[in-house]
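Student: Pasting in a structure now, in structure tokens, and then I'll have a few things to ask.
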Amino acid sequence: MAIECLVLGAGQEVGKSCVVATIGGKRVMFDCGMHMGYHDRRHYPDFARALAAWGAPDFTSALSCVVVTHFHLDHIGALPYFTEICGYHGPIYMTYPTKALAPFMLEDYRKVTMDQRGQEEQYSYEDILRCMKKVIALDLKQTVQVDKDLVIRAYYAGHVLGAAMIYAKAGDAAMVYTGDYNMTPDRHLGVAQIDRLKLDLLITESTYAKTIRDSKHAREREFLKAVHKCVSGGGKVLIPTFALGRAQELCMLLDDYWERMNLMVPIYFSAGLTIQANMYYKMLIGWTSQKIKDSHAVRNPFDFKHVCHFERSFINNPGPCVLFTTPGMISGGFSLEAFKKWAPSEKNLITLPGYCVAGTVGHKLMSGKPTRIDLDKDTHIDVRCQIHQLAFSPHTDSKGIMDLTEFLSPKHVILVHGEKPQMAFLKERIESELGMPCFYPANNESVSIPTTHNLKMSTTERFITSCAAEQGKQSLRKRNLIHGTGTSEVNVSDEGEAEGVLLMERHKAPKILCEDELLQVLGMERHIVQFEAMSSSRIEEAVESELKRAEAADLGSEEK
């Protein structure tokens, strides 16, 4: 039986992550995201097309469950639409922090984009609340029995608070879907952690498939230097970022720097959303890094001394400031409003700390140094400000992807959440260096992954006893070799072998037993054939006698 993977989103692109895997006859949807760069039907995964391909009457009967890895909109943004408009009413799983923080992300983005799409493609605040009531919260390493055949388990992914990698097993088939993860620690989160598992398939993100990042401290120094230079010259710094994750990371960095440098320039949050988010970060301190947990007893690191709330009327205030505002890719909302105001001034700075999806203003700024941004045929923005791009993304880099893949050693790999040329490069590396078949399907394409069928069998107590006895002998021999002399030439292996007989009877489970036990089952006696050693002279006599007899036989046949 194979694992069938249908990529509904994040296939050869970054955006609207959504993969449906049929494993052991159970269909699981991993993530349910939206694409930040589109405002038409491409905004959500093509759910209707998938349902038609499955031949099911509705999504609830088609899917065993939905699992969401974290609260970023490209992983959860379509969930209220899928449940309340498409009509999915089955189980939904996510971690406790994701369940707590997702409503804020969803409602903030809903308000930002209310006027950009038709009502039939939008969901309401009430839809968000109804959707989140259906969610079942997961703890890390908690094994959840979705039904009698399907098991899922969440592992720590780093990336953002509550992000998880998901292990799924049904029958003999097993797989891991990583979502987004980070293999290097930052100021408030640790590195991804997962058990060494026996996997048929690993589905991993590949956002930075060709990138190997430099030192985190070097990146932090570069960021602080650019910000300090701008505000020292009287300029304003706009930092578009998602309200959860990078905002907290960068606020910790700036708050500490402001304290050390005794700076009086105000640092602002653009909306109450981030203030609420900080409250949840304080409550969910147990999901942060060990360093944060240790320092929490003295002072909560999310109580920022130099960061305060921003009122919209402040946007025209004179003088320098630093402003964190959402959304992170300048795809709308107050980040776009502030950008329109501040971009025409050469004194100001726009710092883009993370990945920006194609189609957003942020992506256009990162693609070069444009002097003008055309929002539509009637709206144009002159860009004279400084543009600074920093690698503060919480995604793992190429080395991290290779390290995790090598550690888990799956039989097959599927790449998602990346750009096609970079995915092709990473595929070649995985296949050539790790020897694993690797795929990177486009949206709405399927991949069939063969799985290993394990044969379950019993064994007799006597066979187990004989194995243990043999292992004891090998262990004794190994100790003698190690503590004796001349050990430098000895290659000692931890693997052992045991001889037995596999008995397969009709309508019975296979069984391994000892050789003499098989004779008892068959009702037979043991027969022993012994060979006697012969001297060389006797061997010669026997050969000569045989040759003479053969010659006599030949003569007799000729006479006849």
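Student: Roughly what % antiparallel, to the nearest 5, for the DSSP beta bridges in the chain?
Tutor: On the way: 37 of 75 bridges.
Roughly 50 percent of the beta bridges in the chain run antiparallel, per DSSP.
Student: Relative contact order of the chain: what whole-number percent is it, with Cα pairs under 8 angstrom and at least 6 residues apart? Each step should come with its number before you reach the end.
Tutor: Values: 1049 pairs, mean separation 89.7, N = 560.
Once divided by the residue count of the chain, the mean separation gives 16 percent.
Student: If you roll a 1.4 Å probe over the chain with all protein chains in place, what percent of the accessible area is carbon or sulfur?
Tutor: Numbers: 14190 of 27800 Å².
So the carbon and sulfur contribution to the accessible surface is 51 percent.
Student: Starting from the residue with the highest accessible area, list ARG246, ARG299 in decreasing order, probe 1.4 Å. Let's see the in-between values first.
Tutor: Details: ARG246 25, ARG299 115 Å².
Final ranking, largest accessible area leading: ARG299, ARG246.
Student: At 1.4 Å probe size, what's the solvent-accessible area of CYS308? Round to the nearest 10 Å².
Tutor: 60 Å²
Student: Same structure, new question: Tell me which aspartates and glutamates have Cα within less than 12 Å of LYS134's Cα, excluding those fewer than 8 residues away on the same chain?
Tutor: GLU84
Student: Sticking with this structure for a sec: What net charge is computed for the residues neighbouring HIS75, neighbours being all others with C-beta under 11 Å from the C-beta of HIS75, Lys and Arg scored +1, Asp and Glu -1? Can you show the working numbers first?
Tutor: Working: positive: LYS16; negative: ASP31, ASP74, ASP180, GLU205.
Cβ neighbours under 11 Å give a net charge of -3.
Student: Additional query: If you rank MET366, MET36 by how much accessible surface each has, with a 1.4 Å probe, what is the order from largest down? Could you put the intermediate results ahead of the total?
Tutor: Numbers: MET366 50, MET36 5 Å².
Result of the area sort, largest leading: MET366, MET36.
Student: Sticking with this one: Going by accessible area, probe 1.4 Å, with all protein chains left in place, what is the ranking of GLU541, GLU311, GLU249, largest first? Intermediate values should be presented prior to the final figure.
Tutor: Values: GLU541 120, GLU311 90, GLU249 5 Å².
Highest to lowest solvent-accessible surface, that is GLU541, GLU311, GLU249.
Student: As an exercise, identify the trypsin sites (Lys or Arg not before Pro) in the range 143-191 lying in DSSP coil whose Cβ has no more than 10 other Cβ atoms within 10 Å. Walk me through the numbers before you get to the answer.
Tutor: On the way: sites: LYS148, ARG153, LYS169, ARG187; in loops: LYS148, ARG187.
Counting only loop positions with at most 10 other Cβ atoms within 10 Å, the trypsin sites (Lys or Arg not before Pro) in the range 143-191 are LYS148.
Student: Follow-up question, since we're still on this one. How big is the gap, in Å, between the Cα center of the range 17-71 and the Cα center of the range 215-232?
Tutor: Going from one Cα centre to the other spans 41 Å.
Student: Further question on the same structure: As an exercise, identify the trypsin sites (Lys or Arg not before Pro) in the range 342-391 lying in DSSP coil whose Cβ has no more than 14 other Cβ atoms within 10 Å. Could you put the intermediate results ahead of the total?
Tutor: Working: sites: LYS347, LYS364, ARG372, LYS377, ARG384; in loops: LYS347, LYS377, ARG384.
Passing sites in the range 342-391 are LYS377, ARG384.
Student: Another one. With a cut-off of at most 11 other beta carbons within 10 Å, and DSSP calling the residue loop, which GluC sites (Glu not before Pro) in the range 153-229 qualify? Please list them. Write out the running numbers ahead of the final one.
Tutor: Numbers: sites: GLU205, GLU220, GLU222; in loops: none.
Answer in residue order: no site qualifies.
Student: What pairs from LYS347/LYS369; LYS427/LYS456; LYS210/LYS369; LYS305/LYS341; LYS99/LYS341; LYS411/LYS456 go past 25 Å between their alpha carbons?
Tutor: Working: LYS347/LYS369 16 Å; LYS427/LYS456 34 Å; LYS210/LYS369 23 Å; LYS305/LYS341 27 Å; LYS99/LYS341 35 Å; LYS411/LYS456 21 Å.
Flagged as over cut-off: LYS427/LYS456; LYS305/LYS341; LYS99/LYS341.
Student: With all protein chains present, calculate the accessible area of LEU434 using a 1.4 Å probe and round the result to the nearest 10 Å².
Tutor: 40 Å²
Student: Okay, next question. Just from its helices, what would the mean residue ellipticity at 222 nm be for the chain, if runs of 4 or more DSSP H residues each count -39500 (n - 2.57) and the sum is divided by every residue, rounded to the nearest 500 deg cm²/dmol? Before the final figure, lay out each step's value.
Tutor: Working: 16 runs with 186 residues, N = 560.
Result for the chain: -10000 deg cm²/dmol, rounded to the nearest 500.
Student: If you roll a 1.4 Å probe over the heavy atoms of the protein chains, what accessible area per residue do you get for the chain, in Å²? Please report the intermediate quantities before stating the final value.
Tutor: Numbers: 27800 Å² over 560 residues.
I get 50 Å² per residue for the chain.
Student: Also, I was wondering about something else. What is the helix-to-structure angle for 333-342, meaning the angle in degrees between its Cα long axis and the longest Cα principal axis of the chain, kept from 0 to 90 and rounded to the nearest 10?
Tutor: Helix 333-342 and the main axis of the chain meet at about 50 degrees.
Student: Compute the separation of the alpha-carbon centres of the range 121-135 and the range 273-345 and state it in Å as a whole number.
Tutor: With the range 121-135 and the range 273-345 each reduced to a Cα centre, they are spaced 26 Å.
Student: In degrees between 0 and 90, to the nearest 10, how far off the longest principal axis of the chain does helix 96-112 point, with axes built from Cα atoms?
Tutor: 40 degrees
Student: GLY90: net charge of surrounding residues, Cβ under 11 Å, Lys/Arg +1, Asp/Glu -1, itself excluded?
Tutor: On the way: positive: ARG27, LYS134; negative: ASP58, ASP147.
Taking every other residue near GLY90 into account, the sum is 0.
Student: Under 12 Å from the Cβ of GLY235, count the other residues' Cβ atoms, weight Lys and Arg +1, Asp and Glu -1, and hand me the total.
Tutor: On the way: positive: LYS229, LYS236, LYS347, ARG384; negative: GLU346.
Local charge sum for GLY235: +3.
Student: Further, regarding this structure: Rounded to the nearest Å, what's the spacing between the alpha carbon centres of the range 159-205 and the range 398-450? Just the number, please.
Tutor: 14 Å
The values are calculated or read from the model by the stated rules, or taken from the named source; none is laboratory data. For clarity, every value in this text was computed on a predicted model and none was experimentally measured. As a convention, Cβ positions derive from the backbone with ideal geometry for all residues, glycine included, and neighbour counts pool all protein chains shown. All accessible areas refer to the heavy atoms of the entire protein, side chains included, with ligands and DNA or RNA removed. Shrake-Rupley method; radii C 1.70, N 1.55, O 1.52, S 1.80 Å.
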